[in-house]
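Data block below; observations after.
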Amino acid sequence: MKTIGVLTSGGDAPGMNPAIRAVARTAAQQNCRVVGINNGYDGIFDGNIEELSNRSLASIIDRGGTILQSSRCKRMYSPEGVDAARARLVELGIQGLVVIGGDGSLTGARELARRGTPVVGIPASIDNDLFGTEMAIGVDTATNTIMQLVDRIRDTARSHRRCFLIEVMGRNSGYLALATAISSGASVAVIPEFRYNMENIVSLLHKRYEEYRGNSIVMLAEGVCGAEAFMERMQEAVPGGEFEQEIRITVLGHVQRGGVPTHFDRMLGARFGELAVMGLLQQETGCMTALAKGRTTLIDLDQVIGKKKHPAPEILRLARNLKVEFGDTVEL
Ligand code: F6P
């Protein structure tokens, strides 16, 4: 294999740049040419590629986002589009591909691999919703960012004895809400994987306020519903009609996706980037780098795509034992 292409696709995640750097450095070390494909899969169709020189890789290890830029490429949704992408890769002289992204991006990677393009995927999504890997690139930085922001919110929550409803990202996954509820000491995590019990939530918040005039933090995953809608449902469930305690809403939004990657995400990016290239050079294809029991490995994309990642039993037990209310025992 003489030329390897690397692209980032879907929502950016802190740690993508360290992964790009590791792909490029490892490829160079193995005497391969490496090109960056700009703007996700769109860059394949548009022939938007660039040589990844030492210069372009300088000073990217500590930068969030992705220097290659990203997109959600609609052209990859159809079989004809994937065929066209494959043909375009051949024209561009790219013999192997590293795709860094989330579920949708890795679905495209699998389709290309099925048509004969050697492809290795790298899981990157702050949602941590990819089956088959304990962690994806970006999750650690995002959870740290959320935790620090919740710490700040708690200062004002304490001062006013308020309840804060904090909406975090996670389209189909409650990982960010549940993990940061534990690390921030929140009372409730509302996540899409479990049916919430509004009666329990309301009585818990009421009790905290009545008994110690205390503040409370409720972490809400965006995949459940918007914060305004959830607050209305909370109010409706209060026996008297209205919460005695003041409630404020904070929607954290895209600040969760940006920022300097943590040590963990830089290491994960480096480990996954290096392994992806070594895998391609050993004729591995149609697979994804993964973290399993703390070790990196390659896993077939057929075992990943279309599978729902459920919260790990240990984290659920931890939440229960630490009294984070996250719903009935009914898993959805
Ligand atoms: O998949 C990552 C993610 O950040 C989700 O948590 C969120 O729902 C989505 O991307 C937002 O996407 P966009 O930046 O395109 O609005």
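Under the rule of -39500 (n - 2.57) per DSSP H run of 4 or more residues, summed and divided by the residues of the chain, what mean residue ellipticity at 222 nm is obtained, to the nearest 500 deg cm²/dmol?
Estimated from H runs of four or more residues: -12500 deg cm²/dmol.
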### Message
Net charge around residue 262, counting only other residues with Cβ within less than 11 Å of its Cβ (Lys, Arg = +1; Asp, Glu = -1)?
### Response
-2
#### Entry: Förster radius 56 Å - calculated FRET efficiency between residue 320 and residue 75, Cβ distance, rounded to 0.05
0.80
### Label-point gap, in nm, between residue 211 and residue 63 - each point 7 angstrom along Cα→Cβ
5.1 nm
### Message
Once you place label points 7 Å from the Cα toward the Cβ at residue 90 and residue 292, how far apart are they in nm?
### Response
3.4 nm
### Task
Could you order 2, 307 by accessible surface area, starting with the largest, using a probe radius of 1.4 Å?
2, 307
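Considering only the other residues whose Cβ falls under 11 Å of the Cβ of residue 103, what net charge follows from Lys and Arg at +1 and Asp and Glu at -1?
Taking every other residue near residue 103 into account, the sum is +3.
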### Summary
Amide H proximity to residue 220 below 5 Å, modelled H, separation 5+ or other chain, gives 166, 167, 168, 190
### Message
Using the Karplus curve 6.51 cos²θ - 1.76 cosθ + 1.60 with θ = phi - 60°, what ³J(HN,Hα) values do you get for each residue of region 224-235, in whole Hz, with x for Gly and Pro?
### Response
7, 4, x, 5, 4, 5, 5, 4, 4, 5, 5, 4
### Query
Considering only the other residues whose Cβ falls under 15 Å of the Cβ of residue 34, what net charge follows from Lys and Arg at +1 and Asp and Glu at -1?
+2
### Message
Using the Karplus curve 6.51 cos²θ - 1.76 cosθ + 1.60 with θ = phi - 60°, what ³J(HN,Hα) values do you get for each residue of region 162-171, in whole Hz, with x for Gly and Pro?
### Response
9, 9, 10, 9, 10, 8, 10, 6, x, 4
### Magnitude of the charge dipole, the chain, Cβ model with Lys/Arg +1 and Asp/Glu -1, debye to 20
780 debye
### Query
With the chain treated as a Gaussian network of Cα nodes joined by springs under 10 Å, which of 170, 47, 241 yields the largest mean-square fluctuation?
241
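Of the peptides 68-79, 276-287, how do they stack up when ordered by the mean number of other Cβ atoms within 10 Å, highest first?
Put in order of decreasing packing, that is 276-287, 68-79.
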### Task
Please determine, in degrees from 0 to 90 and to the nearest 10, the orientation of helix 175-184 with respect to the longest principal axis defined by the Cα atoms of the chain, where the helix direction is its Cα long axis.
50 degrees
### Summary
Taking the convex hull of the alpha-carbon atoms of region 182-265 and averaging its shadow over every direction gives an area in square nanometres of 6.8 nm²
### Summary
In degrees rounded to 10, the 0-90 angle between helix 16-29 Cα long axis and the longest Cα principal axis of the chain is 20 degrees
### Query
Roughly how much of residue 160 is accessible, in Å² to the nearest 10, using a 1.4 Å probe?
100 Å²
### Query
Counting only protein heavy atoms and using a 1.4 Å probe, what share of the accessible area of region 246-332 belongs to carbon plus sulfur, as a whole percent?
54 percent
### Task
Based on the mean of other Cβ atoms within 10 Å per residue, sort peptides 316-327, 263-274, 228-239 so the most packed one is first.
263-274, 316-327, 228-239
### Task
Tabulate in residue order the Karplus-calculated ³J(HN,Hα) for region 88-101, using 6.51 cos²θ - 1.76 cosθ + 1.60 with θ = phi - 60°, rounded to whole Hz; enter x for Gly and Pro.
5, 4, 4, 4, 7, x, 9, 9, x, 10, 10, 10, 10, x
### Message
What do you get for the angle between helix 103-114 and the principal long axis of the chain? Use alpha-carbon atoms, 0 to 90 degrees, nearest ten.
### Response
30 degrees
### Query
Farthest toward the dipole's positive end in the chain, which of 223, 175, 197, given Cβ charges of +1 (Lys, Arg) and -1 (Asp, Glu) about the Cα centre?
175
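The values are calculated or read from the model by the stated rules, or taken from the named source; none is laboratory data. The structure displayed is predicted, hence computed values, not measured ones. With ideal geometry, Cβ positions are generated from the backbone for all residues, glycine too; neighbour counts draw on all protein chains shown. Ligands, DNA and RNA are stripped out before the accessible areas are found, and what is left, the full protein with its side chains, is counted by its heavy atoms. Shrake-Rupley method; radii C 1.70, N 1.55, O 1.52, S 1.80 Å.
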